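Encoded as structure tokens, the structure appears first; notes follow it.
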Amino acid sequence: HAPLGLHLRAVALNSTHVAVEAADVTESHRLARVRRDFVANVSHELRTPIGALQLLAEALLDATQMPEAAPEAQSEDLLAARRFAERIHHESARMGRLVNELLELTRLQDAEPLPDPEPVSLDWVIAEVIDRTRTTSSAKGIEITYDGPKGVMAYGNDSQIATAVTNLVENAIAYSGEDTKVSITLRHSDDWLEIDVADQGIGIAPQDVERVFERFYRADQARSRSTGGTGLGLAIVKHIATNHGGRVDVTSSLGDGSTFTLRLPARPPESPSSSPTAIEI
Ligand code: ADP
């Protein structure tokens, strides 16, 4: 059958009445899907050549490295070649991150709503993230602290929640100076679990605060710093938060640091049998 372009949604009003909402959404869904598939395919195809560029740049770096020779004994040409190789390496690594994050974003959009939410131990996820980011944090002398109760459970996908917290912590490190502190705090109320990631970094100007969650948006201060950012990290965090029925917010003051808050529901989502069903015809 040709699709009619109608999306019917049965919404339970009470135990005996059901309302049916109808909307012509098939075409817009189809277009969104075509766009996502295109981005996913292009990103996927770009991975191989970018990976090759990275390997070649590494080989060039090795070839132009002469640790036994004093810098003044190295020829100008060799030093210039090494500088170019470093630059190619840096830029190809950045392109690699960009295509990986684009793929991640399209995957997240395809995984809506979240399939089979599972209990996720938040203090465990946070400990993992602190461990995973230790190399970058200690390279800048940044201390990461955690304060919160143990055994608190969120409901959803552990690797998505870990990605969201990782992106917030990596940003806190990237946009902070040396020997500063990043503090992660977990709070728990009846309805919500809140993870704060607070830094003492460069902060965000008032005109940028609302926009940092948009895809590819980078504040001026960030653009002028060579953090190798892609502008997709916070868009990914926002998607993950929304997928989990939560949200992400920021308060910041320029020059003084920022606090990002990831808020997740403290209760498991309703089982699918009691939630509205969508039927596409
Ligand atoms: P990027 O790859 O540029 O870090 P994100 O989507 O993660 O992309 O962040 C978008 C922008 O938000 C950043 O470019 C930066 O301007 C701002 N930003 C994010 N986190 C912080 C932070 N902790 N402190 C200051 N600015 C931040």
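The values are calculated or read from the model by the stated rules, or taken from the named source; none is laboratory data. None of these values were measured; they are calculated from a predicted model. When we count neighbours, we look across all protein chains shown, and the Cβ atoms used for this are built from the backbone with ideal geometry, even at glycine.
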Original post:
Checking Ile161 against (1) within 12 Å of the ligand (Cβ to nearest atom); (2) hydrophobic (A, V, I, L, M, F, W, C); (3) touching a residue at least 60 places away in the same chain (Cβ under 8 Å); (4) assigned to a helix (DSSP H, G or I), which test does it fail?
Top reply: (1)
**OP:** Give the range 193-212 a look and list any residue that's within 11 Å of the ligand (Cβ to nearest atom) and more than 20 Å from the chain's Cα centre (by Cα), or say none.
**Re:** Gln200, Ala205
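Here is a yes/no grid of residues against (1) surrounded by fewer than 18 Cβ atoms within 10 Å (Cβ to Cβ); (2) away from the ligand (no atom under 11 Å from the Cβ); (3) basic (Lys, Arg):
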| site | (1), (2), (3) |
| --- | --- |
| Ser183 | yes, yes, no |
| Asp190 | yes, yes, no |
| Glu214 | yes, no, no |
| Asn243 | no, yes, no |
| Ser253 | yes, no, no |
Original post:
Residues in the range 164-201 that are acidic (Asp, Glu) and in a helix (DSSP H, G or I): how many?
Top reply: 1
Subject >> Filter pass, Ala111 being modelled with pLDDT under 90 and touching a helix residue (DSSP H, G or I) at 6+ places or on another chain (Cβ under 8 Å) >> reply: yes
**OP:** Say whether the condition of being within 17 Å of the chain's Cα centre (by Cα) and not aliphatic (A, V, I, L, M) is met by at least one residue in the range 176-192.
**Re:** no
Original post:
Do we find a residue being modelled with pLDDT under 90 and of a type in the set (Asp, Glu) anywhere in the range 124-139?
Top reply: no
Original post:
Out of curiosity, is Gly151 free of Cβ contacts under 8 Å to residues at least 40 places away in the same chain, more than 13 Å from the ligand (Cβ to nearest atom) and at positive phi?
Top reply: yes
Original post:
How many residues are under 26 Å from Val182 (Cα atoms) and either under 18 Å from the mean Cα position of the chain (by Cα) or among the hydrophobic types (A, V, I, L, M, F, W, C) (or both) when one looks only at the range 106-133?
Top reply: 12
Subject >> Unique residue being among the basic types (Lys, Arg) and touching a strand residue (DSSP E or B) at 6+ places or on another chain (Cβ under 6 Å) when the list is Lys150, Lys181, Lys140 >> reply: Lys181
Subject >> Tally, over the range 11-48, of residues that are at pLDDT 90 or above and in a loop (DSSP other than H, G, I, E, B) >> reply: 0
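Among Arg94, Arg87, which is charged (D, E, K, R) and either farther than 26 Å from Arg218 by Cα or under 19 Å from the mean Cα position of the chain (by Cα) (or both)?
Arg94
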Subject >> Cβ-Cβ under 9 Å pairs, at least 6 apart or on other chains, the range 199-216 side closer than 16 Å to Asn167 by Cα, far side assigned to a loop (DSSP other than H, G, I, E, B) and of a type in the set (S, T, N, Q) >> reply: Asp199/Ser176; Asp199/Thr180; Gly201/Ser176; Gly201/Thr180; Phe216/Thr230
